[in-house]
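Rule-based calculations on the coordinates, nothing more; no lab input. Note that the structure is predicted; figures quoted are calculated from it, not measured. FYI the Cβ positions are ideal-geometry reconstructions off the backbone, even for glycines, and counts take in every protein chain you see.
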Amino acid sequence: MPPVITGFANSPDRGRGHARDMRLRWAFEEAGVPYDVRLLSFAEMKEEAHLKLHPFGQIPTYEEDGSGEEEGLALFESGAIVLHIAERHGGLLPKEAGARARAINWLFAALNTVEPVIVERETAGYTERDKDWYGDRLAMLDERVDIRLGQLSRRLGEAEWLDGDFSAGDLMMVSVLRRIEGSALLARYPNLTAYVARGEARPAYKRAFAAQLAVFEGRTKTGA
Ligand code: GTB
């Protein structure tokens, strides 16, 4: 049985691939691994059956059957799942130990250093927009994002990917930067804009994007 992940039955992003199942789908496609998707409503995510898989009642999750002497496995957290897919299959991590560690380093940098400032800014837009201090707060959040983007842009320079060949680190960093795609914040850094476009041009990305879009458009019940 292929591994099964969970995704939104009705993604609020209307098929733009911003929900975090997209990074798993992309990793599976890069690794050439078939997968199934179980779609959940917001109510189902909070039910006991799902909470057993995901303590925080969110998507995505990952389940695989045991094979031979191995036990089955259930995971939550998109970073842990992408890393698991990358470690289990080829195509997303270099073989050489140092290069492999650096690729994983970038995966964590995307999740722990770049994504938080982007998500905090986005969340403020949803929850604090009506406050009279919102303008000042947004300027501060914009600056925090800009600092990170400037640092990342300087490190990437004219390189194609962050450290040698495309890796799980790039997959995660591109996934994170996509959340501000089309914004003035990202447009200030043409090399990062081109980096995101390079990620999105990959055939594996396109297949993953099409699969999650098909869910939104009702062309599939599973998205797999
Ligand atoms: N740290 C976890 C991970 O990386 O896996 C975070 C998981 C998470 O935030 N899941 C979100 C979720 O289940 C979906 S992806 N939310 C429902 C809930 O908490 O009740 C975040 C997301 C949602 C929607 C959009 N969008 O519409 O653009 C983008 C990103």
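Just want the answer: with Cβ charges of +1 for Lys and Arg and -1 for Asp and Glu, which residue in ALA124, VAL114, GLY98 is farthest toward the dipole's positive end in the range 97-202?
Going by the Cα projections, it comes out as GLY98.
Hey, how many Å between the Cα centroid of the range 1-22 and the Cα centroid of the range 167-184?
Comparing the Cα centres of the range 1-22 and the range 167-184, I get a distance of 17 Å.
Between VAL37 and residues 5 or more places away or on another chain, which pairs have amide H atoms under 5 Å apart, with H built 1.01 Å from N, and which residues are they?
ILE5, ALA224
Just rank SER41, SER167, fewest to most, by other beta-carbon atoms within 10 angstrom.
SER41, SER167
Compute, for the range 18-109, the length of the dipole vector about the Cα centre, with Cβ point charges of +1 (Lys, Arg) and -1 (Asp, Glu) only. Units Debye, rounded to 20.
For this selection, approximately 520 debye.
Quick one: dipole size for the chain, taken about the Cα centre, charges +1 on Lys/Arg Cβ and -1 on Asp/Glu Cβ, in debye to the nearest 20.
It works out to roughly 600 debye.
Check PHE166: other-chain or 5+ apart residues with amide H under 5 Å from its amide H, H built from backbone geometry?
Here nothing satisfies the definition.
So for the chain: antiparallel DSSP bridges make up what percent, rounded to the nearest 5?
55
What's the FRET efficiency of HIS18 with GLU48 using the Cβ-Cβ distance as r and R₀ = 25 Å, to the nearest 0.05?
Taking R0 as 25 Å, the efficiency between HIS18 and GLU48 is 0.35.
Taking 8 Å as the Cα distance limit and 6 or more residues as the minimum spacing, I'd like the relative contact order of the range 97-164 as a percentage.
Across the range 97-164, relative contact order equals 43 percent.
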